[in-house]
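Read-outs throughout are calculated quantities, based only on the coordinates presented, and are distinct from any laboratory measurement. Quick caveat: nothing in here was measured; it's all calculated off a predicted structure. Note: ideal-geometry Cβ built from the backbone for every residue, glycine included; neighbour counts use all protein chains shown.
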Amino acid sequence: MSATEATAESTGVTNLNVSGGEAGPAPVAIVVSYGFWIFLLSDIIMFSALFATYAVLSGQTDGGPSGRELFDTRNVAIETLCLLFSSYTCGLGSVFLERRSLPAFYVLFGITFVLGAIFLGLEFHEFAGMVARGAGPSRSAFLSAFFALVGLHGAHVSIGLIWLAFMVAQTAAKGPREFVLRRLRCFSLFWHALDIIWVAVMSLVYLMAVRV
Amino acid sequence: MNEKSKHSSSILAYTSGLAFALLLTGASFLVSHSHELWGPGLPVGLAVLAIAQMGVHLVFFLHVGSGPDDTNTVLALAFGILIVTLVVSGSLWIMANLNGNMMPPSAIMEMAR
């Protein structure tokens, strides 16, 4: 047994090596997607701290407006549909890119970008409306926690949109080469993970407030 | 399985994932807006629907499966879920206890005098 095999076995990461059991480093695609997965999980753990903060503080309105008065569920439903369908078109786009059909990829990623931008626009509109009626982040502990949690998700979506535009430009410039495909796989993991976090935001923040 | 059928099967996976996710989102909105569910049970109902939808996203969109190549992914995910559960439930538990044991405001004013 070689030294690499021994370390792999003692740490339990034997199947990072998918090349059929022979010793040697795992392929870059495997290592990168696993590392990115670890990053996503740590990102979700950061969000969990903010979720806990929000859950603790959601009742502390300090005499100010509560979630029930502030939230517009129709807006939330549209935002949810935008993110859900953008996740879908992002997934389909990456399938078509693996199949090397570039026009379908451009169309689908264009739709993904537009849906993400609509989501951000709606969220910005909601925030601006809340600040305008005196319910900004400094009004109460509830609103501080709300803006921190939902704002951080919005910041992630903004970064995702910049990344998406960059990846489409890179695909156009370099063609569907191996490293471009690898980065796009990471991007779609990121985009789907944002959708998972939004499911939690939608349920815990908006829908819980409807009848409480 | 050849390349072509692999691709159409992953398109099918995305489409069925979208259908499940839409169904569960619809259920969440319905449950929170109708009075079908007993009021105090609503948070539990919404949490169950949200966790189910996260599962759908993980399986159909993020392709976390039970294959031999997925062992590391699943182990890392399990660890992440453990930490998230500890952070969220621990904070809620501790803060509820602190709230319950807090001195009433009138007594604090009395001490400050």
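Just a few scattered comments:
- Any hit, region A:33-54, residues being in contact (Cβ under 8 Å) with a residue 12 or more places away in the chain, more than 17 Å from the chain's Cα centre (by Cα) and over 28 Å from B:His7 (Cβ atoms): yes
- Per the conditions (1) over 21 Å from A:Ser101 (Cβ atoms); (2) over 17 Å from the mean Cα position of the chain (by Cα), the sole criterion not satisfied by A:Arg182 is (1).
- Picking from residues in region A:128-173 that are surrounded by fewer than 18 Cβ atoms within 10 Å (Cβ to Cβ) and among the aromatic types (Phe, Trp, Tyr), the one that is farthest from A:Asp62 (Cα to Cα) is A:Phe166.
- In region A:153-212, the residues that are within 10 Å of chain B (Cβ to nearest Cβ), touching a Lys or Arg at 6+ places or on another chain (Cβ under 6 Å) and among the β-branched types (Val, Ile, Thr): none
- Residues of region B:75-93 classified as hydrophobic (A, V, I, L, M, F, W, C) and touching a helix residue (DSSP H, G or I) at 6+ places or on another chain (Cβ under 8 Å), total: 8
- Test for B:Leu37: is it among the hydrophobic types (A, V, I, L, M, F, W, C), out of contact with any His (no Cβ under 6 Å at 6 or more places or on another chain) and not in a helix (DSSP H, G or I): yes
- Annotation: of all residues in region B:12-43 being in contact (Cβ under 8 Å) with a residue 12 or more places away in the chain and more than 16 Å from A:Ile196 (Cα to Cα), the one that is surrounded by the fewest Cβ atoms within 10 Å (Cβ to Cβ) is B:Ser16.
- Those residues of region A:100-114 which are within 13 Å of chain B (Cβ to nearest Cβ) and surrounded by 18 or more Cβ atoms within 10 Å (Cβ to Cβ), in sequence order: A:Phe105, A:Leu108, A:Thr112
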